[in-house]
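Scroll down for the structure; my scribbles are underneath it.
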Amino acid sequence: MHRLFSLSDRKFLIACLAVHISLRIAVLLAFPVTQTSDFDWYYQAALGIAAGKGYAQDGVLTAFWPVGWPGFLGLLFRIFGPRQLVGQLANLVLSAASIVLITVIGSRSFGDKRVGRVAAVIVALLPNQVAYVPLLSTEIYYEFLLLAAVFCLLRNRLAFTAAAGLIFGIATLTKAQSLLIPLILLIAIGFYEGKQRDISASLKKLFLVYAMMFIVIAPWTIRNYYVLGAFVPVSTNGGVTLLTGNNPTARGDFTPSDPLYAELSQLPQDQVQVDAIAKKRAFDWIAHNPGRFIALIPLKIWRLWAPDGDGEWFYQAGYSHYDEHVMAFRAVRIFNQFLYVVLAILAVPALRFLVPGREPLANMPQAGWVFVLYFTLISVVFSGQSRFHFSLIPWIAMYGAYTALHWLPAWRGRARPTATEPVR
């Protein structure tokens with residue numbers, strides 16, 4: 001058994017990728033799904049882009065949802081044909097690339113090659129990570145972008161820093177809140193490294209990252225100004241997202257049925273005005289109900305982090321034979337939830353990486369916790385939805401793997417490979 005799961009085997013990555021890809025192909029073949037909810041919106045928008053109609057809703061040019069994912073899909077549809085399978089195969093490739101990045105980042109960030117390998121196995125096998133491949137959502141794409149950006153920053157070279165900026169720019173066009181991630185991440189790294197790092201070098205890196213992000217984002221902002229007649233850096237859904245999480249019937253998650261939101265115009269030509277009205281209503285409600293807003297905070301955090309396995313919802317809505325296999329789906333979800341809870345518990349001791357001087361910090365092992373804390377703060381302001389922690393699972397897996405390998409007796413005594421060994 002030990003030989004079978006040996007983490008020093010040169011063929012580990014190939015074997016892990018084989019399992020990873022096989023599981024996802026099996027799900028693609030066994031459970032043909034129809035895209036629903038936001039995913040169908042992305043799909044239809046991508047079809048319009050591929051057909052040369054621009055980023056539009058009902059024939060009206062839009063910026064309601066960020067363009068990053070439907071724009072990427074639209075490009076693929078233009079090249080390979082407007083078929084759902086093209087996007088699903090893109091998810092398969094991106095998820096496989098993420099496994100490689102997890103292996104490398106885990107090795108270099110934690111000074112132990114085993115951390116990346118165990119984390120890669122976890123992500124490869126976690127059912128909810130598998131379930132998302134057939135779904136044309138932003139999650140797998142965004143997961144890959146975050147990993148790729150951190151990988152580039154780890155290289156600590158000018159060209160890779162510039163590449164990180166470009167990737168963060170694409171990530172911002174995918175999820176607008178990504179705009180502040182490089183600033184917070186690089187400040188956190190500088191703070192924890194203290195005097196070991198020249199502050200001027202950190203500022204130069206920060207400037208370069210944001211300069212490259214500007215190159216990516218600015219053309220879209222200019223397009224929005226000419227199309228919408230207003231300054232819209234990325235999207236016009238910020239007000240709506242804020243209002244659906246902060247209203248009289250809010251319960252911590254997305255509540256589109258509240259009258260404050262439901263009575264707003266759904267017409268794409270009204271999106272700029274609706275965005276402004278929604279923001280005003282949300283801020284007015286918060287100002288007049290500060291106690292309720294504060295009371296919602298633990299509910300929002302709970303909704304974000306407590307449940308996992310939300311991929312089942314989209315099979316329930318989009319897989320025609322779901323009812324025939326409901327018990328199997330539910331059993332897999334319960335199993336996934338158990339694994340997720342164990343993983344989250346194991347990750348908690350790795351909060352030590354946020355304490356300066358407790359661990360070597362040159363390879364950014366605190367990056368994942370910066371993401372976790374930042375997206376938790378975002379949920380506190382807007383709303384908590386379990387889907388939004390999907391892209392952070394690789395980092396939770398790395399921290400959980402670190403705890404298991406360095407604290408559990410079964411692993412603690414084993415020889416510890418160094419981060420300088422080549423990643424196989």
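The values are calculated or read from the model by the stated rules, or taken from the named source; none is laboratory data. Being a predicted model, the structure only gives us computed values, none of them experimental. Neighbour counts are summed over all protein chains in view; Cβ atoms, including those assigned to glycine, are modelled from backbone coordinates with ideal geometry. These area figures cover heavy atoms from the full protein model, side chains too; ligands, DNA and RNA do not enter into them. Shrake-Rupley method; radii C 1.70, N 1.55, O 1.52, S 1.80 Å.
For region 119-186, what is Rg from Cα atoms divided by 2.2 N^0.38 Å, rounded to two decimals?
Its radius of gyration relative to the 2.2 N^0.38 Å reference: 1.23.
Against the 2.2 N^0.38 Å scaling, with N counting residues, where does region 151-248 land? I'd like the Cα-based Rg ratio to two decimal places.
Here the Cα radius of gyration is 1.28 times the empirical estimate.
Taking the inverse of the average 1/r across all pairs of different Cα atoms in region 44-107, what Kirkwood radius in Å do you get?
The Cα-based Kirkwood calculation yields 12.8 Å.
Could you state the per residue volume, in Å³, of the convex hull enclosing the Cα atoms of region 251-345?
Cα convex hull per residue, to the nearest whole number: 142 Å³.
Over its Cα atoms, what ratio of radius of gyration to 2.2 N^0.38 Å does region 36-77 give?
0.97
Provide, in order from the shortest bin, the percent of all Cα-Cα pairs of region 92-219 in each 10 Å bin, continuing until the bin that contains the maximum pair distance.
12, 38, 35, 13, 1
Got a number for carbon plus sulfur as a percent of the chain's accessible area, 1.4 Å probe?
Carbon-and-sulfur percentage of accessible area, whole number: 69.
So how strong a dipole does the chain carry about its Cα centre when Lys and Arg Cβ are +1 and Asp and Glu Cβ are -1, to the nearest 20 debye?
1600
Using modelled backbone amide H atoms (1.01 Å from N, in-plane), which distant-in-sequence or interchain residues come within less than 5 Å of Gln57's amide H?
Thr62
Counting pairs of Cα atoms in region 90-147, how many percent are more than 13 Å apart?
It works out to 57 percent of all Cα pairs.
With each run of n ≥ 4 DSSP H residues scored as -39500 (n - 2.57), what mean residue ellipticity at 222 nm is computed for the chain after dividing by its residue count and rounding to the nearest 500 deg cm²/dmol?
-21500 deg cm²/dmol
Please work out the average accessible area per residue across the chain, using the 1.4 Å probe convention, and give it in Å².
So the chain comes to 46 Å² accessible per residue, rounded to a whole number.
Given a 10 angstrom Cα cut-off, can you work out which residue in Pro290, Pro256, Pro82 is the most mobile in a GNM of the chain?
Pro290
Return the equivalent ellipsoid semi-axes of region 218-296 as a descending list in whole Å, where each equals the square root of 5 times an eigenvalue of the C-alpha gyration tensor.
After diagonalising the Cα gyration tensor, the semi-axes are 26, 13, 10 Å.
Kyte-Doolittle mean at least 1.6 and Cα extent at least 15 Å along the axis: which DSSP H helices of the chain qualify?
12-30, 158-174, 181-193, 326-347, 367-381
Of the options Tyr261, Ala344, Ala276, report the single residue whose Cα projects farthest towards the positive end of the charge dipole of region 259-353 (beta-carbon charges: Lys, Arg +1; Asp, Glu -1).
Working it through, the farthest residue towards the positive pole turns out to be Ala344.
Under 23 Å Cα-Cα from Lys204, which lysines qualify once same-chain neighbours fewer than 8 residues away are excluded?
Correct list for Lys204: Lys195.
Which residue fluctuates the most in the chain, going by a Gaussian network model with Cα springs under 10 Å, if the choices are Arg292, Arg333, Arg303?
Taking springs between Cα atoms under 10 Å, the residue moving most is Arg292.
Taking the Cα atoms of region 287-406, what is the range of coordinates along each of the three principal axes, in descending order and whole Å?
That gives 55, 48, 18 Å along the principal axes, largest extent first.
If you take Rg and Dmax of the Cα atoms in Å from the coordinates, which of (i) 21.9, 85; (ii) 23.3, 68; (iii) 21.8, 64 do you get?
(iii)
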